[in-house]
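Visitor: My questions all concern the structure below.
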Amino acid sequence: MSISSLSSSNNELSSSKNNNMRTVLLTFFLIISQQISNAQSSTFLYSVGVADSLYSKTLNESRDIYIQVPESYQNDTTKQYPVVYILDGEVFLPTVANVFNFYSGGFMPEMVIVGISNAKHRTRDLTPSKITTKYGMPFNEENGEAVNFLKFIKDELIPYVESNYRVTDYRTLIGHSYGGLFAMYSLVNNPDIFDNYLCIDPSLDWDNQKLLKQTKEVLSKQDFSKKSLYVSLSGQLHMQNPEITISNVMQDTTDFTIFSRSNLMLSDIVKDNKHSGLTFAWKFYPNDLHGTIPLPSIRDGLLSTFEWFQWENTSKINDPETSKDELLRIVNYREEKLLNHFGYHVSPYPEELLNMSGYMNLDIQQPEKSKMYFELALKYFPKSANAYDSMADYYESQNDTQNALAFVTKAYELSGSDYYKKRMEDLKAQN
């Protein structure tokens with residue numbers, strides 16, 4: 001606020017308080033201005049999403065995107081990651097990134113996050129059919145070009161991401177409102193692009209529920225056994241009548257509830273077509289509005305979508321009485337489960353967990369289990385110097401310096417680390 005603005009405001013005060021109040025306010029705003037200045041000149045506490053862009057021949061324009069990679073991305077230059085694409089990425093990428101920061105690893109896989117900007121031409125790009133009226137009123141905004149936007153994603157954006165970032169072809173799409181409508185359009189019309197779809201309070205009322213009717217027809221005929229869909233509905237069921245609830249909204253026939261009724265109809269359509277194989281979850285958020293529902297939906301939707309990824313049998317893994325054979329069965333089961341979902345081989349557990357389990361079993365005098373975990377780390381992470389060094393620790397604990405030296409030598413060959421070189425010298429001196 002400027003000094004002149006302060007003076008104008010203070011003229012409304014009595015003359016006896018005018019000078020004192022002006023002094024207090026000026027001092028206050030000088031302090032605040034200094035704090036803001038200091039904050040702007042300092043390092044940010046948290047930043048997310050590296051800005052990028054690409055030119056689209058399909059859209060005849062440049063499109064901004066934002067990329068967030070996992071923390072481990074820089075540490076392991078050979079690892080590839082699943083990828084999640086977010087419509088309205090400039091708005092929702094921070095939320096998705098925060099969810100992954102808290103839950104990735106044990107609850108969902110680490111993923112590369114791609115936020116797609118829809119700040120311009122949002123209605124044009126995200127709606128699947130052209131309309132000229134909406135709820136009986138003229139609708140002049142450009143619309144109905146979802147087919148081109150999906151072509152841009154498939155033929156230009158995904159190849160660009162896959163050529164510039166270490167990602168796999170296992171993909172998830174997240175959209176809210178018109179974005180949720182577009183995500184549903186993608187699932188129905190070109191399901192091979194993405195594996196998972198999060199449709200947050202989707203605008204399925206668009207064009208007299210045209211996509212909803214198409215969905216009913218397609219689900220009755222096609223196989224969606226490798227796909228998953230999460231749909232959410234906000235508590236804003238009727239814009240004017242608070243008496244409309246989730247239990248009676250389907251009895252209303254006005255335009256005020258067609259949005260929410262379309263969402264509920266989708267749920268019924270999917271449930272009536274279980275033979276399609278589509279993995280489906282639906283959730284109602286009675287305390288959220290259309291504008292607030294993305295936050296809880298992104299968290300719940302990702303947890304639901306990747307429920308299969310969550311670690312199982314952790315109590316058995318932590319129990320020292322569990323046999324080596326049972327532990328190996330648990331590991332093999334998880335490896336097979338991840339293969340069935342991803343379509344490619346990944347380590348069932350992070351290297352750090354396998355490594356830690358190996359040392360824990362050494363500490364409790366269960367060397368055979370320890371060796372098993374170290375061998376698993378070598379199996380799934382064959383280029384890890386640390387995995388070879390850990391196996392050397394195992395052999396040294398068993399007084400087998402010859403094998404310990406062989407594994408440390410391999411660790412040195414992989415890394416060139418002076419630490420491993422010194423350890424090689426020490427082990428040679430013992431032989």
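Bear in mind that the values in this text are calculations on the coordinates, not laboratory data. The structure presented is a predicted model; accordingly, all values stated were derived computationally and were not measured. Positions of Cβ are generated from backbone atoms using ideal geometry, with glycine treated the same way; all protein chains shown enter the neighbour counts.
Visitor: What percent does the relative contact order of the chain come to when contacts are Cα pairs within less than 8 Å and at least six residues apart?
Guide: Reported as a whole number, the value is 10 percent.
Visitor: Now for a separate question. Over the stretch 149-204, what relative contact order in percent results from Cα pairs under 8 Å that are six or more residues apart?
Guide: Once normalised by length, the contact order is 36 percent.
Visitor: What FRET efficiency, computed as 1/(1 + (r/R0)^6) with R0 = 35 Å and r the Cβ-Cβ distance, is obtained for Ser315 and Leu295, rounded to the nearest 0.05?
Guide: 0.60
Visitor: Among all the lysines, which ones have a C-alpha under 17 Å from Lys337's C-alpha, if same-chain residues fewer than 8 places away are not counted?
Guide: Of all the lysines, those that pass the test against Lys337 - Cα under 17 Å, at least 8 places apart if same chain - are Lys226, Lys227.
Visitor: Are any of the pairs Lys57/Lys151; Lys130/Lys213; Lys154/Lys221 more than 21 Å apart by Cα-Cα distance, and if so, which?
Guide: Lys154/Lys221, as the Cα separations exceed 21 Å there.
Visitor: Give the lysines reachable from Lys371 as a straight Cα distance under 19 Å; neighbours fewer than 8 places away on the same chain don't count.
Guide: Partners within reach: Lys316, Lys324, Lys379, Lys383, Lys410.
Visitor: Two decimals, Cα atoms only, Kirkwood Rh: what is Rg/Rh over the chain?
Guide: With Rh from the inverse mean 1/r over Cα pairs, Rg/Rh is 1.10.
Visitor: Can I ask one more? Round to the nearest 10 and give me the degree value, 0 to 90, for the angle of helix 15-41's Cα axis relative to the longest principal axis of the chain.
Guide: For helix 15-41, the angle is close to 40 degrees.
Visitor: Asn332 to Tyr55: FRET efficiency via 1/(1 + (r/R0)^6), r the Cβ-Cβ distance, R0 60 Å, to the nearest 0.05?
Guide: So the FRET efficiency works out to roughly 0.80.
Visitor: So how far apart, in nm, are the two label points at Lys134 and Lys154 if each is 7 Å from Cα heading toward Cβ?
Guide: 2.6 nm
Visitor: Averaging sequence separations of C-alpha pairs under 8 Å and six or more residues apart, then dividing by the length of the stretch 314-430, give the relative contact order as a whole percent.
Guide: Across the stretch 314-430, relative contact order equals 15 percent.
Visitor: What is the helix-to-structure angle for 89-103, meaning the angle in degrees between its Cα long axis and the longest Cα principal axis of the chain, kept from 0 to 90 and rounded to the nearest 10?
Guide: For helix 89-103, the angle is close to 40 degrees.
Visitor: Same structure again: Please report Rg (one decimal) and Dmax (integer) in Å for the Cα set of the stretch 314-430.
Guide: Computed over the Cα atoms of the stretch 314-430, radius of gyration and Dmax are 15.2, 49 Å.
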